[in-house]
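Working notes, structure below.
The values are calculated or read from the model by the stated rules, or taken from the named source; none is laboratory data. Since this is a predicted model, take the numbers as computed values, not measurements. No Cβ is skipped: glycine too gets one built from the backbone with ideal geometry, and neighbour counts run over all protein chains shown.
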Amino acid sequence: MSREIAGKETGGPAVSVIIPTYNCARYLPEAIDSALAQTYRPLEIVVVDDGSVDDTPAILASYGKSVLVVRQDNRGLPAARNVGIRHASGECIAFLDADDVWLPDKLAVQIAALSGTPEAGIAFTDAEAFAEGGVIRESLLVSGRAFVAAWLEGHRVSDGVSAGWAYEEFLIGNWIATPTMAVVRRAALRAAGLFNESLRDCEDYDLWLRVIQRFPVVVVQHPLARYRIRVDGLSAARFGERADRLRPFTEAIRARHLQTIPPGLPPEAARGLERFLWRQAHNLLFGERPAEVRTYARHCLRRRSQVGRAVAYLAASYLPTSGVRAVQRVLAKLGHGRATVTSNNHEDGLAPGRG
């Protein structure tokens, strides 16, 4: 590996750590030091300086050969991460934002969990949110999100580790506050593609959807990463105003994703997709949002999923309000009221994605 960090190898796959940075000299050393302090080997660290004009170049020079530095004109986070991936040589790619921090055993625990599920393409750990005054939130993974907690419990494979297909649950919304929580197999990136460089927000959610529709996911329920809330940074606004600010971005990414789903999904992902589509159409009918009902019913028709039911929902969406409410009453009497898991019910509590 280029720029491999010295240390005793742990016998697992080689890992490349990608750290994109732009004018983050104040926090960058803490991020790099936390990567260097990892107990896991073999390891390489790739820092992509995305056109910084602060003290970043001098800081990076002080690390000598312990990090591989790539410099480019400012092109944004998605492009910087992609450049780092292309320069990396590891079998697994770990992401660390320049203002975040890892605990020393983060990669060792995460790679062990990923190796325990060879068919999985991606692994996440939990993280805590912190600021200058201390810890703000101890868990970003499950805080306020009952459906995530239910998935974790239902897919538990060992103490603190869950694994399985989670495409339906990620269509509901993004669980992952920051790429700092993620490790992805290079093979999964070859299959799903890299970050979409045309996106300027929630591009991580876009990538997670593409990976998780193809591969199972592993989740380590221990907070092994620290997500920094900066007064001067993107994360402060996102953390505090995620419901209002991010809903249009996540909905747009999900809508685009649903339009570009490739044929031949794995059966588990296909079943999760169909459950999600039907739940959305059903709940939107109860929410009297006819245009959106039509969108999801048409997705079902395109997938030839319960065509008769799709036509019925499509027809119901064109009824006047009184007719829609009559249909709601009939469905409720039949025990088919509003479903309990829906992006509209839970999106306020979803992880923002740093972008």
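The table for this structure:
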{"read-out": "Filter result (in contact with a helix residue (DSSP H, G or I) (Cβ under 8 Å, 6 or more places away or on another chain) and assigned to a helix (DSSP H, G or I)) within the stretch 35-59", "value": "LEU36, THR56, ILE59"}
{"read-out": "The stretch 1-12, subset surrounded by 14 or more Cβ atoms within 10 Å (Cβ to Cβ) and touching a strand residue (DSSP E or B) at 6+ places or on another chain (Cβ under 9 Å), residue modelled with the highest pLDDT", "value": "GLY12"}
{"read-out": "Residues (touching a residue at least 24 places away in the same chain (Cβ under 8 Å) and buried (at least 22 other Cβ atoms within 10 Å of the Cβ)) located in the stretch 285-298", "value": "LEU285, VAL293"}
{"read-out": "Filter pass, GLY90 being surrounded by 17 or more Cβ atoms within 10 Å (Cβ to Cβ), assigned to a helix (DSSP H, G or I), in contact (Cβ under 8 Å) with a residue 24 or more places away in the chain and not aromatic (Phe, Trp, Tyr)", "value": "no"}
{"read-out": "Number of the exception - ASN23 against (1) within 26 Å of ALA131 (Cβ to Cβ); (2) surrounded by 19 or more Cβ atoms within 10 Å (Cβ to Cβ); (3) out of contact with any His (no Cβ under 9 Å at 6 or more places or on another chain)", "value": "(2)"}
{"read-out": "Only one of ALA187, ALA112, ALA123 that is part of a helix (DSSP H, G or I) and closer than 23 Å to LEU273 by Cβ", "value": "ALA187"}
{"read-out": "Exclusive hit being within 20 Å of ARG226 (Cα to Cα), without any contact (Cβ under 8 Å) to a residue 24 or more places away in the chain and either surrounded by 15 or more Cβ atoms within 10 Å (Cβ to Cβ) or in contact with a strand residue (DSSP E or B) (Cβ under 7 Å, 6 or more places away or on another chain) (or both), set ARG145, ARG137, ARG156", "value": "ARG137"}
{"read-out": "Residue that is nearest to VAL53 (Cα to Cα) [pool: residues in the stretch 17-33 that are touching a residue at least 40 places away in the same chain (Cβ under 8 Å) and in contact with a helix residue (DSSP H, G or I) (Cβ under 8 Å, 6 or more places away or on another chain)]", "value": "TYR22"}
{"read-out": "Scope the stretch 162-184; condition assigned to a loop (DSSP other than H, G, I, E, B) and aromatic (Phe, Trp, Tyr); matching residues", "value": "TRP165, TRP175"}
